[in-house]
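The values are calculated or read from the model by the stated rules, or taken from the named source; none is laboratory data. Nothing here was measured: the structure is a model prediction, and the numbers come from that model. A quick note on method: Cβ atoms are made from the backbone with ideal geometry, for glycine too, and the neighbour counts reach across all protein chains shown.
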């Protein structure tokens, strides 16, 4: 039986553009359309909008220098800019060529590290266990004199596990304060604090469409003293660090979206955590052969990743989609493939193939959760009866 309304539960893939964000963007798509590099008043209007956005983002990060905020096309470019730009800059200085990351990073990090390995860098991957947590003590074992970069995500996009970034930073900096520590924080705005001093990182990546902003715009925070070689060459945009005419409307939208989710974070976190826990409790209690993947407590308030014995996750996804319910089988960037994150965590391969990710958003209600669980119960039961897996 088809649900009465469409239910979107794939917010880790993308979020809808919030009306207040669109409202902030519209003037820069119409009357304030100038190129921010132009010297006339049309350019000045665009530049003022972009400068205001940079200051707003810097304020949320708690950094005193807005120039530490670099606008990009999204989280993937931010990750690439950091790893390649800082990696080559530090190697050129003769500081080393060793980079440490984890086995569960987004492909924007892992694939970039693979490319760097083909270009003369050494990459170490810190393993994780069933909790999906990168332990600082485990990472410490990989540090060596030629280490120049450590990059660990703030929260995993598939299983929602929150990483102990501050502990990792302390472990790294106590070994060598010159090592540049980066975190891919794409999943955390509106859920976890973004204060740079609290985290202690030298660099941080965000993407606006993950927090009710527009697609195609992101941020790389980079501490001022961190060397960087630009990876996109052209004009002198972004203080000569990232060439290309700026997406002013998108930048303004990103700043407005970030302000909005951060200003409402405490109350929305509490509500979404309650919904998440209700979802988890119902699934684990009412669906035999189900398991929750990742740490039960140290996880984003919006994330629940489940595996179901004897059924394929892709089949569950399609069955729910026919009911007007949108979930995923993992990262949108790896759709249709077995989850490398769950494999890296040591989840049984049969359970990996039967996994789905449900990620809540601020528009979801308990009714949405209950309708979804009811549909999920029916789908799993029917799929097991049609084609039971062994």
Sole exception among (1) closer than 19 Å to residue 255 by Cβ; (2) free of Cβ contacts under 8 Å to residues at least 24 places away in the same chain; (3) surrounded by 15 or more Cβ atoms within 10 Å (Cβ to Cβ) for residue 42, by number = (1)
Of the residues that sit in segment 260-275 and are touching a helix residue (DSSP H, G or I) at 6+ places or on another chain (Cβ under 7 Å) and within 22 Å of residue 53 (Cβ to Cβ), which one is surrounded by the most Cβ atoms within 10 Å (Cβ to Cβ)?
-> 260
Matching entry among 89, 108 (being under 22 Å from residue 164 (Cβ atoms) and assigned by TED's automatic domain parsing to the domain that holds residue 187) = 108
When residues of segment 1-25 are filtered for being surrounded by 14 or more Cβ atoms within 10 Å (Cβ to Cβ) and over 25 Å from the mean Cα position of the chain (by Cα), how many remain?
-> 1
Per the filter on segment 117-157, residues within 21 Å of the chain's Cα centre (by Cα) and farther than 25 Å from residue 346 by Cα are 149
Residue that is surrounded by the most Cβ atoms within 10 Å (Cβ to Cβ) [pool: residues in segment 107-146 that are in contact (Cβ under 8 Å) with a residue 60 or more places away in the chain and closer than 21 Å to residue 296 by Cα] | 132
